[in-house]
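The values are calculated or read from the model by the stated rules, or taken from the named source; none is laboratory data. Remember, it's a predicted structure, so these values are computed and weren't measured experimentally. Virtual Cβ from ideal backbone geometry, glycine too; neighbours counted across all protein chains shown. Side chains included, ligands, DNA and RNA excluded: accessible areas come from the protein's heavy atoms. Shrake-Rupley method; radii C 1.70, N 1.55, O 1.52, S 1.80 Å.
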Amino acid sequence: MSETPPSSPPGTRWGLKTKLILSMLFVGVIPLVVGLGMAFRQGSQEIQEVSGESFAALATEASRKLDLLVSEEVARTSRIATDPVIIRELEQRRDTLHIQPSTERQATLERHAALWQAKDPAFVKTVTDNSMARLLREYYVGSHSETDQLLPTVVRAATKMLFITDLDGALVAAMSSKPAISHSTQAWWQGAYHKGVGQLYIEDVSFDQAVDSYVFTLSMPIMDSLRYEVVGVLHRVIDAKEFFSPSTHPIRFGKTGHVMLIDSRGIVISCPILPTGVSLSDMSLVPLVTLPHPGWVAASSDGHGDTSTSIIGFAPLAETSRATNGSLEGGSWHTFVWQSSDELFAPIRHLFTWMTAFGVIAVGLLATLGFLAASRIVTPVRQLQAAAQSIGRGELRTPIQIQTGDELEDLANEFNRMNTQLEAAFAGLTDQVTLKTQEVQYLQQSTDQILDTVPTPILLINGQEIVQYVNRAARETFNIQPEQLAVTPLFMLLPLDPATQKKLRQEFHNNGSAASAQDDVSRSTLLRDPLTPSMKQGPSPHRSELQIGPHLYHYQWFRLPGWSGNHGRIGLVLRDTTDESRLQDQLVQAEKSGSLGVLTAGIGHELNNPLFGIVGLGEAIQEEPDLQRVKTYARDIVAQGHRMASIIRDFTGVTTREVSDQRVPVYLEQALDQALATMQTTTDMKGIVVQKAYAGNTRVLALPDQLQQALSNLLTNAVQAMKGTGMLKLATTLSNQLVTATITDSGPGISKQHLSKIFDPFFTTKGQGEGSGLGLTVARRILRKFGGDVRIESLEGQGTTCLVTLPILAAPPEEGPWTASTSHSEPQPSRSS
């Protein structure tokens, strides 16, 4: 019988009764908590929405009221700016200034500035006590206005300065000596003057040193009597807090709710709590509450220093912005409606408190009902538990008596039936255990016999590196005695050097995961000279091999799982590969000899074409009387000689190091023409018509000699295929930063069964002595070196097309395609229509 698992300590387990009570509590508490949470969330959301809409409506109404207030002041200022007396005085001053030279006007301004700065009584009086200044005072006190147009007392007290400048920005009339004498460089003056066209300009809130308070200004252009151009500017400096506070401060709701006015920079203009001129405490609120339309937002702070969630309503002063045509310096003004979150969410918190109290009462009732129900269930269950323990000890002699009329009674009957069956089953269990033990011993002996017949050494090692089993091959190979098993470590049985022991020990402690270096052969090994002998004995650093004495072994780890809580073991298989490695080295040497033959044949094939050219040019020199042409032939012979030297260097591997960085831009069309010209000097092409269709002068990055060599190989195959008669078509096309050179002949074509072999070395369809079968192979190798490739398309009886693709070095000049048609003379380019 299997061993009974240990039970949990009494102090760490919960009884069934406790679990039933907790289950009932969970069933009741979870919906209650979810319901309270949803109710609180829904209530909070509805309060947010209702309060937000109310705040947005209040902000809209406040912005309309402030818009009306500003509009009224703009209208009052406009009446002053359109007074005929002021216009006439400024027109006379304009006419006087126009006839003065500019130097005299500048000198006058500087003199007046000095007098004003010195507070010269006479000059100050000319500015503060002239007809326009007296008229300003009359408008200010209301003696010059109609009864319904008088300045309200609040507005009169808020107006800190009221003065007029001429078209040069110079002060011409003021109610006091506080203003500066020159204003032409001020932003408000330039905004109101507006290049002589004039516009209303409202300057944003800023601190004015002259009046020692935060102010905003109204600047109104004074137009001439024809309303054609600006003759002066009327400027009012208004205390922002005194002007707006009578309209914003009375709007209060609750204990903390109020309305404030800010600009689009977040600067406070009017607020019952914050002083004018300060910024909101959280500037991240500014883009949320300065939108061009009314609304509300649930923000993470209130702008007054509190970081709790707040509901804020906002609305722009749309009429003020529209009246100034967007000239308001700060961008726009906005109303800001806010109430403390503690005061705002107080009703929902109160509701949540009452709901929590009712929930606690409901939980108490659920706990009481759970206790009563659990008591009715747990008592018979405990009887069943005691009976099960007796069955486990084999001591149950009397049937279990439970009469509840439900599933517990059925379970008790099943326990009684199970007890009867167990008593019958235990009678034959001892015989079965003995039989199974004999079967296990037989399997173990069979396994040992099978492993002893394997000719490969096999070792089994436990987690402490102790060898627990070796087969017969391992005992004979390493001379292991039976008494050494189960006590001798692995690395004392195998005669290994320290480096190999360290490597094997690391693999062993990595749970037998041998390094995969044998699959990652280094690039230097793959790219070494194939003719360099490699007869190195011993294990390869990239394979799982061991050198033990004179023998070379390939080894492999494997894992054996444990049983009944025992840890698994790791197996090591050693296969003697000494003879196999020796045969492999002999095979590599044979392959190198074959590669040498391929290299020799390739050199002979590539030297054949330039050698024929040299022979042909030499014969032409013998019969040529023209010395100049003889020199030309001699230069061609020298060029062919250089080409042969380049071929030899390339095949022997010398040029790979010397010219890998010496590639130069080459015009593909010119290289194709040069290869064709060389072909015409060595081959009879009188019966071959050449047609050309070039895309222009296309540059590629290559070695000129090698590129011409590849093209010559391809042209040679095309010309030889036509046997002296036919049509040779040469063309270049551009597509996706690639140039494709097409060489098409009218020869017999290539059969389908031969087309897949044409790039194999030494494969040829020509007769004995007519070709070596290396031309296409060498051409492809050269073109791939330059990032290109070659492809052959052919149908038997319909000619052959050779497609050479290379990357373009730079965009070709804007030229049309070139076409030409000749018989055997050098090609003459002509424009195709």
Is it the case that the stretch 595-604 has a residue that's farther than 15 Å from G641 by Cα, crowded, with 17+ Cβ neighbours inside 10 Å and either modelled with pLDDT under 65 or touching a helix residue (DSSP H, G or I) at 6+ places or on another chain (Cβ under 8 Å) (or both)?
-> yes
Residues in the stretch 758-766: is at least one surrounded by fewer than 18 Cβ atoms within 10 Å (Cβ to Cβ), touching a Lys or Arg at 6+ places or on another chain (Cβ under 8 Å) and modelled with pLDDT of 75 or more?
-> yes
From the list V467, V454, which residue is surrounded by 15 or more Cβ atoms within 10 Å (Cβ to Cβ) and closer than 17 Å to L560 by Cβ?
-> V467
Would it be correct to say that N416 is over 30 Å from L493 (Cβ atoms) and either of a type in the set (S, T, N, Q) or open to solvent by 70 Å² or more (accessible area, probe 1.4 Å) (or both)?
-> yes
Report whether or not R64 is in the same structural domain as I262 (by TED's automatic domain parsing), modelled with pLDDT of 90 or more and closer than 30 Å to H293 by Cβ.
-> yes
Take the stretch 308-323 and flag every residue that is modelled with pLDDT of 80 or more and not aromatic (F, W, Y).
-> S310, I311, I312, G313, A315, P316, L317, A318, E319, T320
Do the conditions hold for P250, that is, is it surrounded by fewer than 18 Cβ atoms within 10 Å (Cβ to Cβ) and more than 54 Å from the chain's Cα centre (by Cα)?
-> yes
Quick one: would you say E407 is at positive phi and of a type in the set (D, E, K, R)?
-> no
Which residue pairs have Cβ atoms under 9 Å apart, sit 6 or more places apart or on different chains, and have a first residue in the stretch 681-702 that is on the phi > 0 side of the Ramachandran plot and a second that is open to solvent by less than 20 Å² (accessible area, probe 1.4 Å) and of a type in the set (D, E)?
-> G696/E669
Mind counting the residues in the stretch 246-282 that are part of a helix (DSSP H, G or I) and within 20 Å of A56 (Cα to Cα)?
-> 2
Across the stretch 676-720, what is the number of residues that are of a type in the set (G, A, S) and under 50 Å from the mean Cα position of the chain (by Cα)?
-> 6
Taking the stretch 675-705, which residues are part of a strand (DSSP E or B) and within 23 Å of V719 (Cα to Cα)?
-> I688, V689, V690, Q691, K692, A693, Y694
Filter result for T819 (surrounded by 12 or more Cβ atoms within 10 Å (Cβ to Cβ), more than 16 Å from V700 (Cβ to Cβ), out of contact with any helix residue (DSSP H, G or I) (no Cβ under 7 Å at 6 or more places or on another chain) and at pLDDT 90 or above) | no
Mind checking which residues of the stretch 244-259 are in contact (Cβ under 8 Å) with a residue 60 or more places away in the chain, closer than 25 Å to T159 by Cα and of a type outside the set (F, W, Y)?
-> P246, S247, T248, I251, V259
Output the residue which, of all residues in the stretch 161-181 that are farther than 23 Å from S213 by Cβ and of a type outside the set (A, V, I, L, M), is surrounded by the most Cβ atoms within 10 Å (Cβ to Cβ).
-> D166
Take the stretch 90-138 and flag every residue that is open to solvent by less than 70 Å² (accessible area, probe 1.4 Å) and in contact (Cβ under 8 Å) with a residue 60 or more places away in the chain.
-> L90, E91, R94, L97, R105, L109, H112, A113, W116
Would you please name the residue that is nearest to S176 (Cα to Cα), looking only at residues in the stretch 202-217 that are open to solvent by 30 Å² or more (accessible area, probe 1.4 Å) and in a strand (DSSP E or B)?
-> D208
